[in-house]
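Trainee: A single structure is presented below for examination.
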Amino acid sequence: MKLSMPPSFRPHLVVTLLVGLLCGVAALVPTLGQADPSEKSPKQVNEGPDGAKLWAQTCSQCHNLRPPDTFSGAQWEVIVHHMRVRARLTVAESRAIADFLKGGK
Amino acid sequence: MTSKNLFLIACTAFTILMNASSTKAEDAPVSRAEFDKLVAKMAAMQAEIDRLKSEKTEPSAESAPAKGSGTSKSLAALSSKVDQLEKAAQLTTPGENKFVLTGNASATFSTINNNGSNFDATFYPIFLWHLTDNLMFEGEIEFELDGNSTSTSLEYAAIDWTINDNMTLVAGKFLSPMNTFVERYVPKWINKLPDTPLTVYDGILPESNVGVELRGVLPLGQEARLNYAAYVSNTPDLITSDPSNLGHLEFDNFASSGHGKAFGARVGFSPIHNLEFGYGFQKSKVPTDTGDGPGVNTLQQSADLSAHVDGLGGRWTLLSQYAWSRIGHTTLDPNGDLGVGPLGFANNSDGGYVQISYRGTQLGSDFLNKMEFIVRGDRLKAASGDPNTLDERRLTFGIDYWLTSSTVLKAAYELDHQEGAANSNAFLFGVATSF
């Protein structure tokens, strides 16, 4: 049985290969895309992601921002972990957001 | 003794007498009585000084007991309050696992042309367990009203294992990553309109998959990032036994017939934080719902675009998605048992939606800043030869009022046109909240 489809819609094969490549890269190079810390100033190396900025930019992509006092610190840890998976955040980004929310009472 | 000597003696005596008579009063010797009097005075002064010193450091005999008891009572009460608060704080973190019950709920009213009016309600609790820093369980149950009963369904239930900063393994039932509306925007308090778009919900795309998924993000510098998801899951079924849905895919089957599996993926690229392009697909060879006859090859594809920009005193949000579904040619109801066949067609359909919303943030009025205006256009283009699906186009205008950041009142008017059928224009109202 031949599946007919417009020739222009065969990029799924390319996407499969691309995703497979991305998975391999993600598994082997966890810090890909991040600048070499030795090239940063000591202040930049020590600061890490800006939790407040990430909260404002990332969380508002899908929904209204929930005030930090909506949940307790322990609840925010759980919720931000859930959002780390859903919104595809790095561990460092999610920790920065969680620290900001837990501290912003 | 000569007169000279006498004269000298007399002068000396006179000098002595003169010195004695010229002594100042303060140089005069003090009598014993005066000395004793002075000593007594000094003793009295010393006693007074000592008394004043003691009064400065200690309260007086009359007032000391009252002040001390008040302060002690206040300190004791404050200490007790702090203990209570500490215990309450500890109760929020039971044991070593952290659990949160959250979710959303809604109530709606709709009046549809040629279809009456109806109230409805939903309740979607979400259960989250933070098992360790790298392990989480997440699950959502959907309680909905369905005719004369309540329907209960498992929206998702998955264990997430964060392998590293860029990769998470998800196993179980998870929301379809190629369907960005369902994965990100379908919760009642996030979806800005009372209803959902055609095509991407109860349409031609899967809403969830049962299988295994690998997902993550690759930062590409300061702001750009590439996110990805790839999965293998149970396949949908091809509906061949229900005449009202012949030739469509049943995505809500949770058991795979045969050994076939579906493979899918989505890649999203964000050059800046408020813009994302995405493409996803799912490919499978699906069996029929009866298990009879050969399976058919299927391919679903989706392209999505989302953007946010601040301007004109508020935030503009663009959400859009377009999907294509290709189901291989097959002959349905070959013997005519369903009163429809033999029916042969390739169920190739497509459709999507575009939604633009505006919410003011600097309009100078708290009331206006809580309002949001939405316009959504969506369409579904049915397959040629499909006896059950009509081309449909809708245009919806909505206004939201945000009571809080997670509770919203919605009102919308929807122009709904189906080819060859009367319009289904509707007024839609709803309230939704997240907890």
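The values are calculated or read from the model by the stated rules, or taken from the named source; none is laboratory data. Everything numeric in this text was worked out from a predicted model, so none of it was measured. With ideal geometry, Cβ positions are generated from the backbone for all residues, glycine too; neighbour counts draw on all protein chains shown.
Trainee: Within region B:379-416, restricting attention to residues that are among the polar types (S, T, N, Q) and not in a loop (DSSP other than H, G, I, E, B), which residue is farthest from B:Phe435 (Cα to Cα)?
Mentor: Per the stated criteria, the residue is B:Thr396.
Trainee: Pull up region A:38-56, narrow it to residues that are closer than 14 Å to A:Thr90 by Cβ and part of a helix (DSSP H, G or I), then point me to the one that is modelled with the highest pLDDT.
Mentor: First pass over region A:38-56, keeping only residues closer than 14 Å to A:Thr90 by Cβ: A:48-51, A:54.
Add one more test, that the residue is part of a helix (DSSP H, G or I), and what stays is A:51, A:54.
Details: A:Gly51: 87, A:Leu54: 90.
Per the stated criteria, the residue is A:Leu54.
Trainee: Select from region A:88-105 the residues that are surrounded by fewer than 19 Cβ atoms within 10 Å (Cβ to Cβ) and either hydrophobic (A, V, I, L, M, F, W, C) or within 11 Å of chain B (Cβ to nearest Cβ) (or both) and list them in ascending order.
Mentor: A:Val91, A:Ala92
Trainee: Among (1) without any contact (Cβ under 8 Å) to a residue 60 or more places away in the chain; (2) more than 17 Å from B:Gln300 (Cα to Cα), where does B:Phe254 come up short?
Mentor: In the conditions (1) without any contact (Cβ under 8 Å) to a residue 60 or more places away in the chain; (2) more than 17 Å from B:Gln300 (Cα to Cα), B:Phe254 misses (1) alone.
Trainee: If you check every pair at least six apart or on different chains, which have Cβ atoms under 8 Å apart with a residue in region B:63-92 that is assigned to a helix (DSSP H, G or I) first and a residue that is surrounded by 10 or more Cβ atoms within 10 Å (Cβ to Cβ) and modelled with pLDDT of 65 or more second?
Mentor: Once the first residue is assigned to a helix (DSSP H, G or I) and sits in region B:63-92, its partners that are surrounded by 10 or more Cβ atoms within 10 Å (Cβ to Cβ) and modelled with pLDDT of 65 or more give B:Ala89/A:Ser72.
Trainee: Same structure again: Out of the residues in region B:271-282 that are at the interface with chain A (Cβ under 9 Å from one of its Cβ atoms) and modelled with pLDDT under 95, which is nearest to B:Asp350 (Cα to Cα)?
Mentor: B:Asn274
Trainee: If I go through region B:84-114 residue by residue, how many of them are loosely packed, with under 13 Cβ neighbours inside 10 Å and either more than 10 Å from chain A (Cβ to nearest Cβ) or at pLDDT below 90 (or both)? Full working, then the answer.
Mentor: To start, the set of residues in region B:84-114 that are loosely packed, with under 13 Cβ neighbours inside 10 Å comprises B:84-91, B:94-96, B:101, B:114.
Imposing the further condition that a residue be either more than 10 Å from chain A (Cβ to nearest Cβ) or at pLDDT below 90 (or both) reduces the set to B:84-91, B:94-96, B:114.
Result for region B:84-114: 12.
Trainee: Can you work out which of the residues in region B:183-195 that are touching a strand residue (DSSP E or B) at 6+ places or on another chain (Cβ under 7 Å) and closer than 19 Å to B:Gly377 by Cβ is nearest to the other protein chains (Cβ to nearest Cβ)? If you could, list the steps in order and put the result at the bottom.
Mentor: Kept after step one, since they are touching a strand residue (DSSP E or B) at 6+ places or on another chain (Cβ under 7 Å), are these residues of region B:183-195: B:183, B:185, B:187-189, B:192-195.
Now drop any that are not closer than 19 Å to B:Gly377 by Cβ, which leaves B:185, B:192-195.
Values: B:Tyr185: 6, B:Lys192: 10, B:Leu193: 14, B:Pro194: 17, B:Asp195: 18 Å.
Within region B:183-195, the match that is nearest to the other protein chains (Cβ to nearest Cβ) is B:Tyr185.
Trainee: Mind telling me which of the residues B:Ser176, B:Ser149 ends up being in contact with a Pro (Cβ under 7 Å, 6 or more places away or on another chain) and of a type in the set (Gly, Ala, Ser)?
Mentor: Within the list B:Ser176, B:Ser149, the selection yields B:Ser176.
Trainee: Something else about it: Tell me, which strands (runs of 3 or more DSSP E) wholly within region B:237-330 include 1 or more residues that are closer than 24 Å to B:Leu193 by Cα?
Mentor: Working: elements: B:261-270, B:275-286, B:296-311, B:314-327.
Filter on region B:237-330 gives B:275-286, B:296-311, B:314-327.
Trainee: Hey, among the residues in region A:58-87 that are more than 7 Å from chain B (Cβ to nearest Cβ) and hydrophobic (A, V, I, L, M, F, W, C), which one's farthest from B:Ser176 (Cα to Cα)?
Mentor: Result: A:Phe71.
Trainee: Taking B:Asn118, is it assigned to a loop (DSSP other than H, G, I, E, B) and either loosely packed, with under 14 Cβ neighbours inside 10 Å or at pLDDT 95 or above (or both)?
Mentor: Against the criterion (assigned to a loop (DSSP other than H, G, I, E, B) and either loosely packed, with under 14 Cβ neighbours inside 10 Å or at pLDDT 95 or above (or both)), B:Asn118 does not qualify.
Trainee: Filter region B:124-138 down to the residues that are crowded, with 16+ Cβ neighbours inside 10 Å and without any contact (Cβ under 8 Å) to a residue 24 or more places away in the chain, then identify the one that is nearest to the chain's Cα centre (by Cα).
Mentor: Across region B:124-138, the extreme among qualifying residues is B:Glu138.
Trainee: Would you check if there is a residue in region B:206-215 being within 10 Å of chain A (Cβ to nearest Cβ) and touching a Lys or Arg at 6+ places or on another chain (Cβ under 9 Å)?
Mentor: Checked against the condition, which is being within 10 Å of chain A (Cβ to nearest Cβ) and touching a Lys or Arg at 6+ places or on another chain (Cβ under 9 Å), region B:206-215 yields at least one hit.
Trainee: In region B:309-321, which residue that is out of contact with any His (no Cβ under 9 Å at 6 or more places or on another chain) and crowded, with 18+ Cβ neighbours inside 10 Å is farthest from B:Glu183 (Cα to Cα)? Write out each step before concluding.
Mentor: The first filter runs over region B:309-321 and keeps only residues out of contact with any His (no Cβ under 9 Å at 6 or more places or on another chain), leaving B:309-314, B:319-321.
Okay, now just the ones that are also crowded, with 18+ Cβ neighbours inside 10 Å, so B:314, B:319-321.
On the way: B:Gly314: 26, B:Leu319: 13, B:Ser320: 13, B:Gln321: 12 Å.
Looking at residues that are out of contact with any His (no Cβ under 9 Å at 6 or more places or on another chain) and crowded, with 18+ Cβ neighbours inside 10 Å, I get B:Gly314.
Trainee: Applying the selection to region B:322-333, what residues are surrounded by 15 or more Cβ atoms within 10 Å (Cβ to Cβ) and either among the polar types (S, T, N, Q) or closer than 18 Å to B:His248 by Cβ (or both)? Steps first, please.
Mentor: Taking region B:322-333 first, the residues surrounded by 15 or more Cβ atoms within 10 Å (Cβ to Cβ) are B:322-330, B:332-333.
If the condition is that a residue be surrounded by 15 or more Cβ atoms within 10 Å (Cβ to Cβ) and either among the polar types (S, T, N, Q) or closer than 18 Å to B:His248 by Cβ (or both), then B:Ala323, B:Trp324, B:Ser325, B:Arg326, B:Ile327, B:Gly328, B:His329, B:Thr330, B:Leu332, B:Asp333 are the ones that fit.
Trainee: Looking at region B:130-177, which of the residues that are at the interface with chain A (Cβ under 10 Å from one of its Cβ atoms), outside any strand (DSSP E or B) and in contact with a strand residue (DSSP E or B) (Cβ under 6 Å, 6 or more places away or on another chain) is nearest to B:Gly211 (Cα to Cα)?
Mentor: B:Pro177
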